[in-house]
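What follows is a single structure, written as structure tokens, with notes after it.
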Amino acid sequence: MSQRDDGNEWSADDYDGGHAFVFEYGEGVVDLLDPEPGERVLDLGCGTGHLTASIAESGAAVVGLDADRAMVGEAARSYPDLRFVQGDARQFAFREPFDAVFSNAALHWIHEQDAVLDSVADALRPGGRFVAELGGAGNVASIVGAVEDVAAERSYEVENPWYFPSVGEYASLLETHGFEVRYATLFDRPTELDDGEAGLAGWLGMFGDGLLGPVPEDEREALVSTVEDRLRDELFSDGTWTADYRRLRVVARCVAD
Ligand code: BEZ
């Protein structure tokens, strides 16, 4: 278990075991990247490296970067032929420019997107592409809303710790940082959680440290149980919880020198 400065405690084993949908859905983003043999690609926020490996299958020379030491260690153990480095998406630099920077389900953990996009633009060759998916505006709004309501009833003020931009907001930001936006879309992607009845509690346990931050540890189980009661009609059916994910996908070219 480790903690990086996004406020969440990360477990590489839990991530791979109970939340494999994160990288399984990410295969669609690899398709959007469409990596070519010989291209240099950076996988930003690579987690346990499964998508890094998938990109490498195309013959691209890929490097995975993640802020979490345990994730990077797990990735390096699983894929010893690939290069993984620990680093901060807000300030990284490589000697050789990349043809593409790829990112799946990582950037919504970082509010300092100006710093991220500066680093991405610096890392790309002129004309290089940035292909990313992150939670978009309205992502997990039902879950966040229910946690906010139940926490407020217990006199705790919690707030959405994530960065879920709209198409307009993120496209403008990309332009400000020297990118030309070729594709941007926001879409609903209801996402079935693993573990049946325990799925929502498991999701909050894995990802919800920032959201539940103001709630004392010994009250969290009861709070989550009330959240489950509130959301059951909307998000639970046939023994499975479905999170109300909304994804923002972008493809942008670096046009700055
Ligand atoms: C997401 O992939 O949209 C997400 C994952 C964990 C927490 C919040 C959002």
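A short reminder: the numbers here are calculations on the coordinates, not readings from a lab. Keep in mind it's a predicted model, so treat the numbers as computed, not measured. As a convention, Cβ positions derive from the backbone with ideal geometry for all residues, glycine included, and neighbour counts pool all protein chains shown.
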Quiz item: Looking at the range 230-257, which of its residues are closer than 29 Å to GLY168 by Cα, within 16 Å of the ligand (Cβ to nearest atom), of a type outside the set (Lys, Arg) and out of contact with any Lys or Arg (no Cβ under 8 Å at 6 or more places or on another chain)?
Solution: LEU235, THR242, ALA243, ASP244, LEU248, VAL250
Quiz item: Since PHE187 meets every condition but one in (1) more than 13 Å from the ligand (Cβ to nearest atom); (2) within 19 Å of the chain's Cα centre (by Cα); (3) assigned to a strand (DSSP E or B); (4) surrounded by fewer than 17 Cβ atoms within 10 Å (Cβ to Cβ), which condition does it not meet?
Solution: (1)
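Can you find a residue in the range 57-68 that is away from the ligand (no atom under 16 Å from the Cβ), of a type in the set (S, T, N, Q) and assigned to a loop (DSSP other than H, G, I, E, B)?
Taking the range 57-68 first, the residues away from the ligand (no atom under 16 Å from the Cβ) are 57-65.
Pick out the ones that are also of a type in the set (S, T, N, Q) and you get 58.
Then drop every residue that is not assigned to a loop (DSSP other than H, G, I, E, B), which leaves 58.
Scanning the range 57-68, I find at least one residue that is away from the ligand (no atom under 16 Å from the Cβ), of a type in the set (S, T, N, Q) and assigned to a loop (DSSP other than H, G, I, E, B), so the answer is yes.
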Practice problem: Please identify the pairs in which a residue from the range 228-257 that is free of Cβ contacts under 8 Å to residues at least 60 places away in the same chain has its Cβ atom under 9 Å from the Cβ atom of a residue that is part of a strand (DSSP E or B) and buried (at least 21 other Cβ atoms within 10 Å of the Cβ), counting only partners at least 6 apart or on another chain. | Solution: GLU228/TRP241; ARG232/TRP241
Practice problem: Mind counting the residues in the range 205-222 that are part of a helix (DSSP H, G or I) and surrounded by 20 or more Cβ atoms within 10 Å (Cβ to Cβ)? | Solution: 3
Quiz item: Any idea how many residues of the range 30-56 are part of a loop (DSSP other than H, G, I, E, B), under 13 Å from the mean Cα position of the chain (by Cα) and not small (Gly, Ala, Ser)?
Solution: 2
Quiz prompt | Pick from the range 121-162, criterion assigned to a loop (DSSP other than H, G, I, E, B) and small (Gly, Ala, Ser), ranking: farthest from the ligand (Cβ to nearest atom) | solution = SER155
